[in-house]
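The values are calculated or read from the model by the stated rules, or taken from the named source; none is laboratory data. Predicted, not measured: the structure shown is a model, and the values here were computed from it. Reconstructed Cβ throughout: ideal geometry from the backbone, glycine too, with neighbour counts over all protein chains shown.
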Amino acid sequence: MINFSEPYQSYKENKRAFDRVIIKTLVDGSYILGENVKRFEKNFSNYLNTKYSIAVANGTDAIHLGLRSLNIGKGDEVIVPSHTAIGTVYAVEMSGAKVVFADIEKDFFTIDPKSIKKKITKKTKAIICVHLYGQSCDLKNIVKLAKNNNLSLIEDCSQAHGAKYQRKKVGNFGTLSCFSLYPTKNLGAFGDAGIITTNNKKVDKKLKLLRQYGWDENRKSKHMGWNSRMDEIQAAILNIKIKKLDFNNKRRKEIAKIYNQNLNIKHIEVPKIRNVNDHVFYLYVIKCKKRNQLKKFLKNNGVNTGIHYLIPVHKEKKYIKQNIKLEETEKVPKEVLSLPCYPELKLKDQEKVINLIKYFLKNNF
């Protein structure tokens, strides 16, 4: 079986180094918010060229605590895309703020600045732009909207570690930026983990309180806080993996190039790339009118694929009674299919995926 994703392979390729730092961490006896975490925060800031990084337990907490650090909560509105992982939306709910859904652009799957503009009200306090599948949103227009309306901009970079907009890495454009470090991500731990970046000293200081009960260095609670700490083992692993992030992103782009060369054919729509973007292909997503049949055919022939996302968040049970209409967002779930795309994917396996798709098209259209 050719799996959709293989996070185990990254461990297998560097097993000795991972085993060594895991054992060292266990022997050292400091397991939460220790030296490994501090080192990773520094390494991540250096990688992105940001002033501050705050390690947390997962990507959902990163957004939730990010909103809290900006004093966004009950009575406030936050604009988000509906075409995203549901955790992005539920993080807003966790803060107490109201979710306001915006539509996506036709070609790039990312939040549409024109739709954002229509959704802004007196209660709007922030925009969350999700850099989806590995490429950036239309940051030029989104940053302008946020600035002109005095709104905080939060970048959800969970699917775009190392991606660039106008030659600058995403994570540098918002008031703060949030990253999931889930195992399948471009930079993934071997469990749950997340991180927040910012260039604002006050935000950095508050986030470091919020992630651990609001405690200061004397364990006195200065704010209501949460328990969202990165553990030392995950940080130790990430300190190794961040060194290979650019190499692995290059490999993803090579895989995407091979798909593009072979699948840019009738009945398949390959990913479009914004001309100022450097796409890092967290996911390689095609569109096909007979998506369900194609997915089933591939599975029956030993290829696992994914759908990102099957249900727009505004169509989930919690929101469907609001009768929200988002034209482009509602088209996507019927046609998108995510193909295997990870650094360790073998060429022979990719060729099998391509040949099976071509065979399906030849016999079903």
Completion exercise
The condition from (1) outside the structural domain of residue 196 (by TED's automatic domain parsing); (2) among the hydrophobic types (A, V, I, L, M, F, W, C); (3) surrounded by fewer than 18 Cβ atoms within 10 Å (Cβ to Cβ) that residue 286 misses is numbered (3)
Fill in the blank from the handout: Filter segment 251-260 for residues that are out of contact with any helix residue (DSSP H, G or I) (no Cβ under 9 Å at 6 or more places or on another chain) and over 30 Å from residue 57 (Cα atoms); the one that is surrounded by the fewest Cβ atoms within 10 Å (Cβ to Cβ) is 257
Handout entry: Hits in segment 90-104 - residues which are among the charged types (D, E, K, R) and either surrounded by 20 or more Cβ atoms within 10 Å (Cβ to Cβ) or assigned by TED's automatic domain parsing to the domain that holds residue 279 (or both)
Key = 103
Practice task
Provide a single number: the residues in segment 189-213 that are surrounded by fewer than 22 Cβ atoms within 10 Å (Cβ to Cβ), part of a loop (DSSP other than H, G, I, E, B) and in contact (Cβ under 8 Å) with a residue 40 or more places away in the chain.
Solution key: 5
Handout entry: Residue that is surrounded by the most Cβ atoms within 10 Å (Cβ to Cβ) [pool: residues in segment 316-330 that are hydrophobic (A, V, I, L, M, F, W, C) and part of a loop (DSSP other than H, G, I, E, B)]
Key = 326
Problem - Flag if residue 297 is surrounded by fewer than 16 Cβ atoms within 10 Å (Cβ to Cβ), part of a helix (DSSP H, G or I) and out of contact with any strand residue (DSSP E or B) (no Cβ under 8 Å at 6 or more places or on another chain) - result: no
Handout entry: Pick from segment 251-292, criterion more than 24 Å from the chain's Cα centre (by Cα) and assigned to a loop (DSSP other than H, G, I, E, B), ranking: nearest to residue 335 (Cα to Cα)
Key = 289
Exercise for the section: Would you tally the residues in segment 215-245 being among the hydroxyl-bearing types (Ser, Thr, Tyr) and touching a residue at least 40 places away in the same chain (Cβ under 8 Å)? Expected result: 1
Problem - Verdict on residue 18 being within 21 Å of residue 184 (Cβ to Cβ), in the same structural domain as residue 170 (by TED's automatic domain parsing), at pLDDT 95 or above and surrounded by 21 or more Cβ atoms within 10 Å (Cβ to Cβ) - result: no
Handout entry: Meets criteria (in contact (Cβ under 8 Å) with a residue 12 or more places away in the chain and either under 22 Å from the mean Cα position of the chain (by Cα) or crowded, with 21+ Cβ neighbours inside 10 Å (or both)) for residue 248
Key = yes
Handout entry: Number of the condition not met by residue 223 [criteria: (1) of a type outside the set (A, V, I, L, M); (2) over 30 Å from residue 37 (Cβ atoms); (3) surrounded by fewer than 22 Cβ atoms within 10 Å (Cβ to Cβ)]
Key = (2)
